[in-house]
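Participant: The structure under discussion is supplied below as structure tokens; questions concerning it will follow.
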Protein chains: 2
Amino acid sequence: MSEYNLQVLLKRRPVGEPVEGDFEIVEGPVPLPGHGQVLVRNRFLSLDPYMRGRMSDAKSYAKPVELGAVMEGATVGEVIASNDPAFAPGDAVMGGQGWQRFCTMDGAKLRKVDVNEVPLSANLGVLGMPGLTAWVGLEDIGEPKPGETVVISAASGAVGQVAGQIARARGARVIGIAGGAAKCAFVKDELGFDDCLDHRGDLEAQLDAACPNGIDVYWENVGGHVQAAVFPRFRDFGRMVMCGMIAQYNIAPGADAAGAPPGPNLGPVVRKRLRIQGFIVSDHGWQRYPQFRAVMLGLIRGGQLTWREDVVTGLAAAPRAFIGLLKGENFGKLVIKVE
Amino acid sequence: MSEYNLQVLLKRRPVGEPVEGDFEIVEGPVPLPGHGQVLVRNRFLSLDPYMRGRMSDAKSYAKPVELGAVMEGATVGEVIASNDPAFAPGDAVMGGQGWQRFCTMDGAKLRKVDVNEVPLSANLGVLGMPGLTAWVGLEDIGEPKPGETVVISAASGAVGQVAGQIARARGARVIGIAGGAAKCAFVKDELGFDDCLDHRGDLEAQLDAACPNGIDVYWENVGGHVQAAVFPRFRDFGRMVMCGMIAQYNIAPGADAAGAPPGPNLGPVVRKRLRIQGFIVSDHGWQRYPQFRAVMLGLIRGGQLTWREDVVTGLAAAPRAFIGLLKGENFGKLVIKVE
């Protein structure tokens with residue numbers, strides 16, 4: 001165990017695509033827990049597309065990370081020392097400890113996790129924020145019904161893989177969209193989607209073939225040319241679950257900055273009675289975490305939910321891995337093994 | 001009373017803006033009611049923007065009017081003869097009798113109306129399809145709350161004037177948008193909206209002044225430059241009630257035909273957790289008509305709901321009046337006094 005701290009700071013705000021020089025990696029002493037605090041050694045750090053927004057000072061739903069501060073992020077780790085009677089050394093915990101090896105946290109901000117249920121890192125994916133996002137978005141907006149056609153963009157990613165499997169468990173026919181043959185094969189063969197389309201090919205023709213009667217639910221993770229291909233193919237009463245639009249996070253991190261390309265003409269929203277709705281899981285999602293976790297564990301035990309992680313080793317590799325995430329270079333839920 | 005029938009037929013499908021030559025006015029004998037049927041003499045015909053869609057054979061939520069057939073439309077009239085024991089000569093009725101003076105209808109398709117409550121023609125507006133549309137859209141999608149800012153496009157029109165007054169009765173701050181000083185003065189002074197903006201002026205600047213904290217609910221009747229000005233000004237959790245987009249009915253009657261201009265980039269839907277939802281009142285609205293009528297009559301009695309009609313005399317004037325409706329030339333709910 002390295003007995004000094006390692007932290008990734010936001011050094012400057014990226015302009016367009018982030019570069020490694022936007023971050024700074026610093027060493028320092030292991031902090032001491034104050035009154036009521038817990039010292040945690042992070043084992044895994046979650047890297048997620050929303051973090052691009054935190055690097056920008058454009059108005060958004062959450063405050064940006066300050067320059068010179070540790071980058072925000074969800075982590076799972078081990079309690080090393082505790083001044084909170086609810087935690088003891090050796091406990092596995094999840095929380096938002098950020099891009100760093102050690103940190104001190106108020107006990108109230110940590111959640112104990114049972115490592116006998118699933119591997120520790122799964123608490124950042126299928127049982128973490130991405131999984132909760134998938135579940136909340138389908139429960140509240142997508143509401144897939146048996147026999148309906150559900151299309152999931154970024155289908156091999158952290159949210160997409162869970163959303164598609166939940167929709168399948170609810171009896172829907174699920175078509176993924178991913179980039180490249182390897183991801184498509186994984187989505188179809190290992191995640192069990194009914195089909196998976198490669199957005200690098202002629203997506204419109206593939207959608208026509210895979211969804212001959214149109215699309216009831218579209219899970220939007222990406223925007224761009226994928227959204228343009230899906231939008232005209234909604235059936236009446238279709239739902240578009242707006243989870244993210246990663247294709248433009250580097251153009252318009254605030255999501256409506258000048259330079260964002262136009263979107264679809266909204267005429268079909270009236271004629272087809274569509275519902276297009278955005279959500280942010282942190283609004284109300286975590287209040288429902290116990291119910292979510294129980295549902296997910298049930299699906300896992302029943303063989304209806306599996307997942308893939310893309311594990312990158314070492315905190316120092318986090319900036320480069322995050323830059324790749326925005327380009328779709330990861331394959332599965334991206335996590336950093338902190339060491 | 002003219003003792004012959006007069007009918008307006010759809011002669012050919014308009015290309016772009018309809019012209020009078022797209023219609024044909026024919027005379028004929030007064031029809032005789034068959035078994036269980038009622039002979040109705042129409043007194044007022046409703047003209048509404050949705051009729052542009054019925055003239056097109058582009059795929060839509062309802063079948064087009066066939067060439068050579070009587071144009072569809074809601075009417076109120078008087079029972080002349082009845083083979084249905086539920087109706088007697090002299091009864092006032094509402095139904096979908098179309099652009100014609102006389103017609104025979106199955107009694108089941110007619111609804112008796114009480115002319116002591118409101119004038120007969122009001123059953124085509126505030127107590128008819130447009131009023132029901134306003135009520136359903138706010139009940140199910142807009143859900144304005146006390147203190148929220150609601151923006152209503154086409155605010156002096158059949159739907160807009162009712163939607164705005166319902167929102168005010170629910171405690172919202174209501175800003176109308178209309179075309180020209182006369183309509184804006186009416187919306188503000190007679191309908192009692194908090195303000196009304198002229199979309200022929202600098203709408204963005206007027207919106208910034210009238211809605212300094214942004215917009216919670218937008219009632220979309222028009223599309224085009226009005227939608228473009230409103231969209232960036234939503235507050236978090238804003239709702240966009242998609243009732244219609246009249247600005248493009250002549251471009252893309254099927255609402256997604258080639259040639260429709262692009263819409264807004266949908267990034268803010270995620271960041272602001274917006275809900276954009278379309279609806280068609282005929283889906284479920286009429287099942288709730290009794291509740292709607294009771295609510296509206298309560299508002300009328302309480303002095304919270306008034307309205308303005310634009311009455312054009314003579315069925316032969318209907319094509320020209322309809323063409324003007326698509327250009328915003330009417331001032332208030334457009335009805336034809338059939339004579």
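The values are calculated or read from the model by the stated rules, or taken from the named source; none is laboratory data. This is a predicted model, so every value here is computed, not measured. We place every Cβ from the backbone using ideal geometry, glycine too, and count neighbours over all the protein chains shown.
Participant: Pick out the one residue from B:Phe292, B:Phe279 that is modelled with pLDDT of 95 or more, farther than 17 Å from B:Ala122 by Cα, buried (at least 18 other Cβ atoms within 10 Å of the Cβ) and under 20 Å from the mean Cα position of the chain (by Cα).
Facilitator: Going through B:Phe292, B:Phe279 in turn, the sole match is B:Phe279.
Participant: Also: Any residue at all in region B:66-79 that's assigned to a strand (DSSP E or B), within 18 Å of the chain's Cα centre (by Cα) and surrounded by 23 or more Cβ atoms within 10 Å (Cβ to Cβ)?
Facilitator: Yes: region B:66-79 contains one or more residues that are assigned to a strand (DSSP E or B), within 18 Å of the chain's Cα centre (by Cα) and surrounded by 23 or more Cβ atoms within 10 Å (Cβ to Cβ).
Participant: Any residue in region A:53-65 that is crowded, with 19+ Cβ neighbours inside 10 Å, of a type in the set (S, T, N, Q), in the same structural domain as A:Leu315 (by TED's automatic domain parsing) and touching a strand residue (DSSP E or B) at 6+ places or on another chain (Cβ under 7 Å)?
Facilitator: No.
Participant: Can you name the residue in region A:242-255 that is at pLDDT below 85 and surrounded by 20 or more Cβ atoms within 10 Å (Cβ to Cβ) and is also nearest to the other protein chains (Cβ to nearest Cβ) among such residues?
Facilitator: A:Ala255
Participant: Only one of these is in contact (Cβ under 8 Å) with a residue 60 or more places away in the chain, among the β-branched types (Val, Ile, Thr), part of a loop (DSSP other than H, G, I, E, B) and buried (at least 24 other Cβ atoms within 10 Å of the Cβ): B:Val126, B:Val151. Name it.
Facilitator: Checking each option against the conditions leaves just B:Val126.
A quick yes/no check of all residues on (1) away from every other protein chain (no Cβ under 14 Å); (2) part of a helix (DSSP H, G or I); (3) surrounded by 24 or more Cβ atoms within 10 Å (Cβ to Cβ); (4) of a type in the set (A, V, I, L, M):
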residue	(1), (2), (3), (4)
B:Ala185	yes, yes, no, yes
B:Asp189	yes, yes, no, no
B:Phe193	yes, no, yes, no
B:Leu207	yes, yes, no, yes
B:Asn213	no, no, no, no
B:Trp219	no, no, yes, no
B:Ala228	no, yes, no, yes
B:Asp236	no, no, no, no
B:Met240	no, no, yes, yes
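Participant: While we're looking at this one, here's another question. I'd like to check something: does region A:274-290 contain any residue that is within 14 Å of chain B (Cβ to nearest Cβ) and assigned to a helix (DSSP H, G or I)?
Facilitator: Checking region A:274-290: at least one residue is within 14 Å of chain B (Cβ to nearest Cβ) and assigned to a helix (DSSP H, G or I).
Participant: Would you check which residues across region A:154-183 are small (Gly, Ala, Ser) and either in a strand (DSSP E or B) or not assigned by TED's automatic domain parsing to the domain that holds A:Gln227 (or both) and list them?
Facilitator: Passing the criteria: A:Gly176, A:Ala178.
Participant: In the set B:Val19, B:Val38, which member is more than 16 Å from B:Ile336 (Cβ to Cβ) and surrounded by 22 or more Cβ atoms within 10 Å (Cβ to Cβ)?
Facilitator: Of the residues listed, the single one that is more than 16 Å from B:Ile336 (Cβ to Cβ) and surrounded by 22 or more Cβ atoms within 10 Å (Cβ to Cβ) is B:Val38.
Participant: In a loop (DSSP other than H, G, I, E, B) and either hydrophobic (A, V, I, L, M, F, W, C) or within 8 Å of chain B (Cβ to nearest Cβ) (or both), is that true of A:Arg200?
Facilitator: Here the answer is no, as A:Arg200 does not meet what is asked.
Participant: Considering every residue within region A:134-146, establish whether at least one is of a type outside the set (A, V, I, L, M) and farther than 21 Å from B:Val269 by Cα.
Facilitator: yes
Participant: Mind telling me which of the residues A:Arg293, A:Arg271, A:Arg301 ends up being more than 27 Å from B:Arg273 (Cβ to Cβ) and not assigned by TED's automatic domain parsing to the domain that holds A:Lys59?
Facilitator: Of A:Arg293, A:Arg271, A:Arg301, the one residue that is more than 27 Å from B:Arg273 (Cβ to Cβ) and not assigned by TED's automatic domain parsing to the domain that holds A:Lys59 is A:Arg301.
Participant: On to the next question. Which pairs do you get when a residue that is free of Cβ contacts under 8 Å to residues at least 24 places away in the same chain and within 13 Å of chain A (Cβ to nearest Cβ), found in region B:39-60, comes within reach of a residue that is assigned to a strand (DSSP E or B) and surrounded by fewer than 20 Cβ atoms within 10 Å (Cβ to Cβ), reach meaning Cβ atoms under 6 angstrom, with the pair 6+ apart or on two chains?
Facilitator: none
Participant: Now for a separate question. When residues of region A:300-322 are filtered for being among the aliphatic types (A, V, I, L, M) and crowded, with 19+ Cβ neighbours inside 10 Å, how many remain?
Facilitator: Qualifying residue count for the region: 5.
Participant: Kindly establish whether A:Ala178 is surrounded by 24 or more Cβ atoms within 10 Å (Cβ to Cβ) and either at pLDDT below 95 or in contact with a Pro (Cβ under 9 Å, 6 or more places away or on another chain) (or both).
Facilitator: no
Participant: May I ask you to list the residues in region A:84-102 that are at pLDDT 95 or above and either in contact with a Pro (Cβ under 7 Å, 6 or more places away or on another chain) or part of a strand (DSSP E or B) (or both)?
Facilitator: Within region A:84-102, A:Ala92, A:Val93, A:Met94, A:Gln100, A:Phe102 qualify.
Participant: Next question. Any idea which of (1) buried (at least 18 other Cβ atoms within 10 Å of the Cβ); (2) in a strand (DSSP E or B) is the one B:Asp48 doesn't satisfy?
Facilitator: Looking at each condition in turn, B:Asp48 falls short on (2).
Participant: Considering each of A:Gly324, A:Gly328 in turn, give the residue that is over 23 Å from A:Glu78 (Cβ atoms) and either in a strand (DSSP E or B) or free of Cβ contacts under 8 Å to residues at least 40 places away in the same chain (or both).
Facilitator: A:Gly324
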